[in-house]
1. Can you give me the number of residues within segment 121-170 that are aliphatic (A, V, I, L, M), at pLDDT below 85, touching an Asp or Glu at 6+ places or on another chain (Cβ under 9 Å) and outside any strand (DSSP E or B)?
2. Looking at L81, L39, L91, L87, can you tell me which residue is part of a helix (DSSP H, G or I), modelled with pLDDT under 85 and farther than 21 Å from G170 by Cβ?
3. Would you point out the residue of segment 45-65, among those that are more than 14 Å from N183 (Cβ to Cβ) and not in a strand (DSSP E or B), that is farthest from the chain's Cα centre (by Cα)?
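The values are calculated or read from the model by the stated rules, or taken from the named source; none is laboratory data. No experiment lies behind these values; they were computed from the predicted model shown. Because the Cβ atoms are built from the backbone with ideal geometry, glycine has one as well, and the counts that use them run over all protein chains shown.
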Amino acid sequence: MLDGDYDVEVSLSLDVNDTGGLTPSLSYVTPLAAAATTLTVAGSANLSESREHNFTENIQLSTRKIFLDWKNGVDPHECPLVADTPLAGTLGIIDMVAMANSTADLDESRKLTDAGVFGGSIQFVVTKKITATGPTWTLVRFNNISALADFSQVNTDKITLAFALGPNVGKPMRVARARNRYNPYAHDFLQQLLTSSINTQLTRLQNTLR
């Protein structure tokens, strides 16, 4: 990674979807003149609310700058001690790099090229749901049976990474040149990955609606 002066462009997406609702129901029962017969009138209501909150950020980083910041004690680039997201755990980026390194057709020649790009995405979906059954009571002519409340929260955290060779591939590292910069190959490949992800989601939606 350092010898190839790789840059990485990262797209971070955090999405929180909260939903909640109340569904009370009531039935009125009255006996009729005929033996063992009753008239039942039932009614129900529904109150629901949902909220979706999302955050997206794109950044581009130099692997050489990250290494030199860590080596010189400028910035250890550590994850926060308290982070309310599964993305703070193991992401498998090392495995992603190892897979690319074992690819025979990956171009890591001593020139800047769009053939030396690779990447992928990691997504975590955490669902929290509570279903509460309301009180059930029966009077002489009124009966209440209902699943009174339903609350859920779905957290979708996704990170997409695109690696591309930098302009100083094969050259010795220098502090002055080890800085974040714009790499068009990393940016273009990231857009390709995001577009592919959107197309996959649309295909799944089409298959669901059939």
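1. So in segment 121-170, the residues aliphatic (A, V, I, L, M) come out as 122, 125-126, 130, 132, 139-140, 145, 147-149, 154, 159, 161-162, 164-165, 169.
Then drop every residue that is not at pLDDT below 85, which leaves 130, 132, 139-140, 145, 147-149, 169.
Within this subset, residues satisfying the condition of being touching an Asp or Glu at 6+ places or on another chain (Cβ under 9 Å) are 130, 132, 169.
If we keep only those that are outside any strand (DSSP E or B) too, we end up with 169.
Looking only at that region, the number is 1.
2. L87
3. Result: A45.
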